[in-house]
Every structure is written in structure tokens, then in C-alpha cells.
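Working notes, structure below.
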Amino acid sequence: MVEKGPFILGYLEALNRTINLALDQYPRVIAFRVDLRLSRLMGFPDDALSNRVISRFIESFKAKIEHNRDKAREQNKYAHDCRVRYVWAREVGCGGRPHYHLLILLNRDAYYTVGRLQPQRPNMISRMQEAWASALKCEVEQVRGLVHIPPNAEFRVDRNVRPGNVDQLPELFRRASYLCKAATKRYGDGSHGFGCSRG
């Protein structure tokens with residue numbers, strides 16, 4: 001993604017560390033990109049222009065994953081656990097409105113795909129919509145279209161790639177490095193432009 005550069009080295013290192021932590025914990029990982037936007041039409045909470053909104057999204061999303069795993073264990077005591085790991089970048093567009101780009105990494109033995117956008121069907125997309133609505137303190141219907149999965153956003157990465165299989169890790173890192181570019185990050189307004197899960 002040299003055409004999107006220059007990149008911030010510390011961000012690239014954090015991205016690499018986050019991916020490696022996921023692969024250290026789980027032999028098979030699903031990683032996917034998602035973009036979160038603010039509506040041009042509706043009002044939003046006073047702190048929506050701060051990073052508190054992305055913190056609320058992440059906490060809500062993690063709680064939804066934990067709840068889903070608890071429900072899965074009620075059905076099958078051997079159901080796999082799943083720790084949410086993530087990297088996010090806050091960017092500001094031409095109109096001064098922030099938006100977020102995220103990479104989310106999950107245990108692929110617990111979740112194999114993001115799913116499709118289907119009303120009333122619980123899947124990863126609906127969980128993200130619910131979490132974004134919670135973060136913005138609004139109804140889920142109000143965030144339709146604000147949670148966007150870009151094309152070719154899913155990556156299935158293995159700790160040990162089997163002979164004959166394609167290692168998706170290099171392509172994942174290349175695509176996710178978009179979050180680490182210096183362009184469109186805003187500095188000096190008291191809000192960080194980048195964050196990732198700890199440990």
C-alpha cells in the first residue's frame with residue numbers, strides 16, 4: 001500500500017504485534033476490516049467527535065461476543081472461547097467529520113465468517129451495528145449504512161500454513177496497513193488517531 005503512504009512506523013509495529021498476539025493465542029484467526037461512520041443527518045452524542053465513541057463501540061462489541069460465547073457454551077460445553085483483538089484508526093474527512101477504520105481479529109474456531117447483511121439475523125454484522133448504535137446512543141435502525149464492510153475484507157490466517165495453502169498473512173498486513181497511514185489523521189485536537197487492543 002505504498003500508494004497510501006507514508007506510514008507511521010509505531011502504528012505498523014502495533015498492527016504487527018496485535019496480529020501476532022491473536023495468532024499466538026489461536027491457531028486459526030479470522031480478521032476483517034470494517035468502517036464506522038457518523039450520520040450526516042442525525043444528531044449524535046456530545047462526545048461523538050471524541051474517541052469515547054470508539055471505546056464504547058469496542059466495549060459493546062466485546063460484550064456481545066462474550067454473550068454469544070456464553071450462549072454457545074450452554075449448548076456445547078466444548079464451544080471455543082474468543083478474545084476480541086482490534087486495531088482502529090480515526091480519520092477526519094473533508095467535512096471535518098471523523099470516521100473509523102478497524103481491523104477486528106477473532107478465533108476462527110469460534111467464528112468463521114462475518115456473515116451477510118440480513119435483517120433480524122444475528123451475525124457479526126448485526127453485532128457490529130448494535131454495538132455502533134450503542135456507542136452513538138441511538139436505535140439500530142439509525143446506524144443502517146454507517147457500518148460498512150469493504151470489499152475483500154475477510155482474511156483467514158493460520159499460525160501454521162499447510163503445504164499447498166495460501167498464506168493470507170502478508171495480504172492481511174498489506175491491507176490493514178491502510179490504518180497506519182499518516183494522511184487524514186488529525187493531530188493536536190486532543191484525540192488519538194490510532195489505537196489497538198492491549199495484550
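Which is of a type in the set (A, V, I, L, M), without any contact (Cβ under 8 Å) to a residue 40 or more places away in the chain and out of contact with any helix residue (DSSP H, G or I) (no Cβ under 6 Å at 6 or more places or on another chain), of 110, 48, 72, 79?
72
So for segment 1-21 (the condition being β-branched (Val, Ile, Thr), modelled with pLDDT under 95 and within 23 Å of residue 150 (Cβ to Cβ)), does at least one residue qualify?
Yes, that holds for at least one residue.
Could you grab me the full set of residues in segment 37-79 that are under 22 Å from the mean Cα position of the chain (by Cα), under 30 Å from residue 94 (Cα atoms) and of a type in the set (A, V, I, L, M, F, W, C)?
Scanning segment 37-79 gives 38, 44, 48, 49, 53, 54, 57, 58, 61.
Yes/no per residue for (1) at pLDDT 95 or above; (2) over 23 Å from residue 27 (Cα atoms); (3) crowded, with 18+ Cβ neighbours inside 10 Å; (4) touching an Asp or Glu at 6+ places or on another chain (Cβ under 9 Å):
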{"site": "61", "(1), (2), (3), (4)": "yes, no, yes, yes"}
{"site": "82", "(1), (2), (3), (4)": "yes, no, yes, yes"}
{"site": "93", "(1), (2), (3), (4)": "no, yes, no, no"}
{"site": "97", "(1), (2), (3), (4)": "no, yes, no, no"}
{"site": "106", "(1), (2), (3), (4)": "yes, no, yes, no"}
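Scan segment 113-130 residue by residue and report those that are modelled with pLDDT of 75 or more, of a type in the set (A, V, I, L, M) and touching a helix residue (DSSP H, G or I) at 6+ places or on another chain (Cβ under 8 Å).
Answer for segment 113-130, where residues must be modelled with pLDDT of 75 or more, of a type in the set (A, V, I, L, M) and touching a helix residue (DSSP H, G or I) at 6+ places or on another chain (Cβ under 8 Å): 114, 128.
Only residues that are farther than 12 Å from residue 32 by Cβ and of a type outside the set (A, V, I, L, M, F, W, C): list them for segment 128-157, please.
Matches in segment 128-157: 129, 130, 134, 137, 139, 141, 142, 144, 145.
Yes or no, residue by residue, for (1) in contact with a Ser or Thr (Cβ under 7 Å, 6 or more places away or on another chain); (2) not charged (D, E, K, R):
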site: 83; (1), (2): no, no
site: 90; (1), (2): yes, no
site: 97; (1), (2): no, no
site: 111; (1), (2): no, yes
site: 114; (1), (2): no, yes
site: 123; (1), (2): no, yes
site: 128; (1), (2): no, yes
site: 135; (1), (2): yes, yes
site: 140; (1), (2): no, yes
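Going residue by residue through segment 98-110, is there one that turns out to be at negative phi and over 17 Å from the mean Cα position of the chain (by Cα)?
Yes, because at least one residue in segment 98-110 is at negative phi and over 17 Å from the mean Cα position of the chain (by Cα).
The values are calculated or read from the model by the stated rules, or taken from the named source; none is laboratory data. Remember, predicted model here, so these are calculated numbers, not experimental data. Cβ sites come from the backbone with ideal geometry, for glycine too, and all protein chains shown count toward neighbours.
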